[in-house]
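Take a look at the structure below.
The values are calculated or read from the model by the stated rules, or taken from the named source; none is laboratory data. Values in this document were obtained by computation on a predicted structure and should not be read as measured data. Cβ placement follows ideal geometry from the backbone for every residue including glycine, while neighbour counts extend to all protein chains displayed. The area values use the complete protein model at the heavy-atom level, side chains included, leaving out ligands, DNA and RNA. Shrake-Rupley method; radii C 1.70, N 1.55, O 1.52, S 1.80 Å.
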Amino acid sequence: AFALADRVVVMRDGRIAQEGTPLEVWQRPADAFVARFLGFDNVTEGTVTGQAAATPWGKVPVPEDAPQGTRTVLVRPAGVRIVPADAGLRCTVAARTFRGTHVAVHLQPEDAPRLEAACALRAAPEVGDTVGVEFDGAEIVVLG
């Protein structure tokens, strides 16, 4: 539908959850339901203060105009940057899935929900590796 349509509608329990162009819906999901429907798993609650959100994954950068207070935060897999283990949030690589254009790397922090990162094939760590994670604010959406 996203490849062919001019407009898409995401339904939930017989009601419209979000309507817009495919790009609008993809870039700015209306809520956690729509984000998960689109296949995004990195969704959590956070407290937005200024240009950062306190989440179970630590502080993550958010857009300048992000609504403040307790919000749902989406971190796109492209916004999860793998760095050396001694930098950022420490995680263990739990799984890797080849997706054609990239590798989806499933990361398990010590005391936080699992994260998915999108990595180039040559840069993807192996299952069992310990890595660090930093976040790219351009790939983080504070949901309405």
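Using a probe radius of 1.4 Å on heavy atoms only, what accessible surface per residue do you get for the chain? Whole Å² is fine.
Each residue of the chain exposes 55 Å² on average to a 1.4 Å probe.
What trypsin sites (Lys or Arg not before Pro) does the range 26-132 have in DSSP loop regions with at most 12 other beta carbons within 10 Å?
Arg99
Residue by residue through the range 118-131, what is 3J(HN,Hα) from phi via Karplus (6.51 cos²θ - 1.76 cosθ + 1.60, θ = phi - 60°)? Round to whole Hz and write x for glycine and proline.
Values, residue by residue: 9, 10, 5, 3, 5, 9, 6, x, 8, 4, x, 5, 9, 9 Hz.
Measure of size requested: the Rg and Dmax of the range 8-133, with Cα atoms as the atom set and Å as the unit; please supply both.
So, for the range 8-133, Rg and Dmax equal 15.6, 48 Å respectively.
Is there a quick way to get the dipole size of the chain? I mean about its Cα centre, with the Cβ of Lys and Arg at +1 and of Asp and Glu at -1; what is the value in debye to the nearest 20?
Once rounded to the nearest 20, the dipole reads 260 debye.
Restricting to Cα pairs below 8 Å that are 6+ residues apart, what does the relative contact order work out to for the chain? Please round to a whole percent.
In percent, rounded to a whole number, it is 24.
Out of the range 103-144, which GluC sites (Glu not before Pro) are coil in DSSP terms and have no more than 12 other C-beta atoms within 10 Å?
Of the GluC sites (Glu not before Pro), the ones in loops of the range 103-144 whose Cβ has at most 12 other Cβ atoms within 10 Å are Glu110, Glu126.
Taking all protein chains as present, what is the carbon and sulfur share of the accessible area of the range 1-102, in % to the nearest whole number, probe 1.4 Å?
On the range 1-102, the fraction of accessible area on carbon and sulfur atoms equals 52 percent.
Got a sec? Which residues in the range 115-144 would a label at Gln68 touch, if it sits 7 Å along Cα→Cβ and we count backbone N under 13 Å?
No residue passes the distance filter.
Go ahead and run the numbers for FRET between Arg114 and Arg28, Cβ-Cβ distance against an R0 of 25 Å, rounding to 0.05.
For Arg114 and Arg28, the calculated efficiency is 0.55.
Counting helices only, and only those DSSP H runs with n ≥ 4, report the 222 nm mean residue ellipticity of the chain as the sum of -39,500 (n - 2.57) divided by its residues, in deg cm²/dmol to the nearest 500. Before the final figure, lay out the partial values.
Details: 2 runs with 12 residues, N = 144.
Estimated from H runs of four or more residues: -2000 deg cm²/dmol.
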